[in-house]
Amino acid sequence: MGTLAPDRLSALRRVATIESIGSSTRIEGSKLSDREVEQLLSNLEIKSFTTRDEQEVAGYAEVMDLVGSKWQDIPFTENPIKQLHQILLRYSEKDTWHRGNYKINSNSVAAFDETGAQIGIVFQTASPFDTPRLMTELVAWVNQERETARLHPLLIIALCVVVFLKIHPFQDGNGRLSRVLTTLLLLQAGYAYVPTARWRA
């Protein structure tokens, strides 16, 4: 990457940002194309988004930009995780009541058909009662393993994400937040890359 011209590197970052944000939000059901994501990202200063898809893209872009620029300053503890969740859902009107807080209702992961009808439960997540304890245990385990270095950092990150998704600690946004946390932990483990969410490169 060091031999690329700055304008070429900037263009690659821009494309990577658009594709990363578009893909991550489409996994969650967003219908915005990469072209629509690009248009939205070029107007983020407006901070007024009409559709849920636009709200999700704006929040995801903002939280990934924060992680990409401040990863050294974000401790892997519960409060920063809650703050990242709050930023992720900042523009989502339907999520105002729960953003930044652990779930209070069950939120099993369900499968849906092309019409949007639920066709089954993929897996049961942790109960709202157990979630705070399980998150405390997960954060403590990750930090202990990072300190002792008994396991390879990639294994720690992978196990963290699997357990995080099994807990599904927030009412909504867990998949997107898991990808934010993956990026944070990779950067903190020394896995440098062209940040895919640094829109203002």
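The values are calculated or read from the model by the stated rules, or taken from the named source; none is laboratory data. Just so you know, these numbers come straight off a predicted model, no measurement behind them. No Cβ is skipped: glycine too gets one built from the backbone with ideal geometry, and neighbour counts run over all protein chains shown.
Within the stretch 175-192, identify whether any single residue is outside any helix (DSSP H, G or I), of a type outside the set (S, T, N, Q), under 23 Å from residue 23 (Cβ atoms) and within 15 Å of the chain's Cα centre (by Cα), and answer yes or no.
Checked against the condition, which is being outside any helix (DSSP H, G or I), of a type outside the set (S, T, N, Q), under 23 Å from residue 23 (Cβ atoms) and within 15 Å of the chain's Cα centre (by Cα), the stretch 175-192 yields no hits at all.
Just a yes or no: is a residue in the stretch 157-166 outside any helix (DSSP H, G or I) and small (Gly, Ala, Ser)? Spell out the reasoning first.
Restricting attention to the stretch 157-166, the residues satisfying the condition of being outside any helix (DSSP H, G or I) are none.
Checked the stretch 157-166: no residue is outside any helix (DSSP H, G or I) and small (Gly, Ala, Ser).
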Study note, to complete from the structure: The condition of being at pLDDT below 70 and either over 14 Å from the mean Cα position of the chain (by Cα) or surrounded by 14 or more Cβ atoms within 10 Å (Cβ to Cβ) (or both) holds, among 27, 46, only for 46
Study note, to complete from the structure: With the first residue restricted to the stretch 149-163 and required to be more than 19 Å from residue 177 (Cα to Cα) and free of Cβ contacts under 8 Å to residues at least 12 places away in the same chain, and the second required to be of a type outside the set (Gly, Ala, Ser) and surrounded by 15 or more Cβ atoms within 10 Å (Cβ to Cβ), Cβ contacts under 7 Å at 6 or more apart or on different chains are 151/145
**Study point:** Which numbered condition residue 75 misses (of (1) in contact with a helix residue (DSSP H, G or I) (Cβ under 8 Å, 6 or more places away or on another chain); (2) modelled with pLDDT of 90 or more)
**Key:** (1)
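In this structure, is residue 101 over 16 Å from residue 168 (Cβ atoms), touching a residue at least 60 places away in the same chain (Cβ under 8 Å) and not acidic (Asp, Glu)? So that I can check it myself, show each step before the final result.
Details: over 16 Å from residue 168 (Cβ atoms): no; touching a residue at least 60 places away in the same chain (Cβ under 8 Å): yes; not acidic (Asp, Glu): yes.
So residue 101 does not fit the description; no.
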